[in-house]
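Written out below as structure tokens is the structure these notes cover.
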Amino acid sequence: METLRVNFVDFWDGFSPSHNYFYYLLSLKYHVELDELNPDIVFFSVFGGGCIERYRNHSCKKIFFTGENCRPNLTGPYRVRSGNWNTFLCDLSFSFDFTDAPHNYRLPLWVLQIDWFSRGGYGNPEFILPLDQLYSNRYISTPKSRFCAAIFNNPVSMRVEMFHKLSNYKPVTGYGRPFNNWFYGEKAKYEILSAFKFSICFENSISPVGGYYTEKLFHAKTSGTIPIYWTDDKCGHDFNTKSFLNLNDYKDMGELIDHIIEIDNDDELYQKILNEPLFVSQKTPSFSRPNKVLEAISRILC
């Protein structure tokens, strides 16, 4: 097995260089060694103050991954600003973007919430869902005794507005820093959501090119709720749009709330939507599968 020297810089707090999605992905084909001084590949993200700059003149391949709503830098200059983030020139990017740009591979953050390599979790995230539990698990089977949850730390205006307007019908239960009950971990999130019929899981923002789909919808659906989502109209590329409610499909928030009330009071309609699988035909999209992602990395090493 060929040895591949790898380093990781500028990732989020709690990220482990030896215990993460990309490490185990590469281990399917290579003997992976961590090497800060002379790596063959450096993976970098948008956190950490630009440590990738130390490799600016190094011959290693630079691979960018983002879980944030920012554009990859594929053409230069070396350092550019994308929204709130600095992005650096790379040989390959894993991003949310729907684009034909060379050396960009679309890898939305929700893909990393599946336990492709049977590891249980990576520290951050501390829990990822086994592939064989996407449609049947103990969270989905938990009786739904409560109405609606909203879990967020970032009180963006659309989330707050939806929370308050839907609470005029029935109280929505909030979790996170704005509600003074912050908790840590995906497993705790699953435990909380599993008791609710619905959950508000709006994205922080919408990408100008479409495709910014994080862990929010994935967690809400695979925990057994009907997700109340907000994103762009391209989300059918990834997901079965019959399995959740997308604000983007309604003329306004009021019309969406009217539909939620209808569903809440019609058990047959509720079960119909709840039973729709997150992915069409219960198959994850081909681009999300590890062999496809690994092929993209292997190509730049040739």
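From the residues in the range 120-136 that are open to solvent by 30 Å² or more (accessible area, probe 1.4 Å) and within 30 Å of Asn73 (Cβ to Cβ), which one is nearest to the chain's Cα centre (by Cα)?
Here the residue is Asn124.
Kindly indicate whether Gln113 is under 15 Å from Lys221 (Cβ atoms), open to solvent by less than 70 Å² (accessible area, probe 1.4 Å), touching a strand residue (DSSP E or B) at 6+ places or on another chain (Cβ under 8 Å) and not aromatic (Phe, Trp, Tyr). Considered against the rule, which asks whether it is under 15 Å from Lys221 (Cβ atoms), open to solvent by less than 70 Å² (accessible area, probe 1.4 Å), touching a strand residue (DSSP E or B) at 6+ places or on another chain (Cβ under 8 Å) and not aromatic (Phe, Trp, Tyr), Gln113 comes out as yes. The set of residues from the range 186-214 being open to solvent by 10 Å² or more (accessible area, probe 1.4 Å), farther than 20 Å from Leu274 by Cβ and either out of contact with any Ser or Thr (no Cβ under 9 Å at 6 or more places or on another chain) or of a type outside the set (S, T, N, Q) (or both) comprises Glu186, Lys187, Ala188, Ser205, Ile206, Pro208, Val209. The set of residues in the range 233-250 being out of contact with any strand residue (DSSP E or B) (no Cβ under 7 Å at 6 or more places or on another chain), open to solvent by less than 50 Å² (accessible area, probe 1.4 Å), free of Cβ contacts under 8 Å to residues at least 40 places away in the same chain and of a type outside the set (Gly, Ala, Ser) consists of Tyr250 alone. Of the strands (runs of 3 or more DSSP E) entirely within the range 170-248, those holding at least 1 residues that are closer than 18 Å to Asn69 by Cβ and not polar (S, T, N, Q) occupy 226-229. Can you confirm whether the range 283-291 contains a residue that is touching a Lys or Arg at 6+ places or on another chain (Cβ under 8 Å), open to solvent by 20 Å² or more (accessible area, probe 1.4 Å) and either modelled with pLDDT of 95 or more or assigned to a helix (DSSP H, G or I) (or both)? The answer is yes; a qualifying residue exists. Checking each residue in the range 1-11 for being surrounded by 13 or more Cβ atoms within 10 Å (Cβ to Cβ) and either in contact with a Phe, Trp or Tyr (Cβ under 9 Å, 6 or more places away or on another chain) or not charged (D, E, K, R) (or both) picks out Leu4, Val6, Asn7, Phe8, Val9, Asp10, Phe11. For Ile140, the requirement of being among the aliphatic types (A, V, I, L, M) and either without any contact (Cβ under 8 Å) to a residue 40 or more places away in the chain or touching a Phe, Trp or Tyr at 6+ places or on another chain (Cβ under 9 Å) (or both) is not met. Scanning the range 22-72 for residues that are of a type in the set (Val, Ile, Thr) and assigned to a loop (DSSP other than H, G, I, E, B) turns up Val46, Thr66.
The values are calculated or read from the model by the stated rules, or taken from the named source; none is laboratory data. Fair warning: this is a prediction, and the values are worked out from it, not measured in the lab. Positions of Cβ are backbone-derived with ideal geometry, glycine not excepted, and every protein chain shown enters the neighbour counts. Side chains included, ligands, DNA and RNA excluded: accessible areas come from the protein's heavy atoms. Shrake-Rupley method; radii C 1.70, N 1.55, O 1.52, S 1.80 Å.
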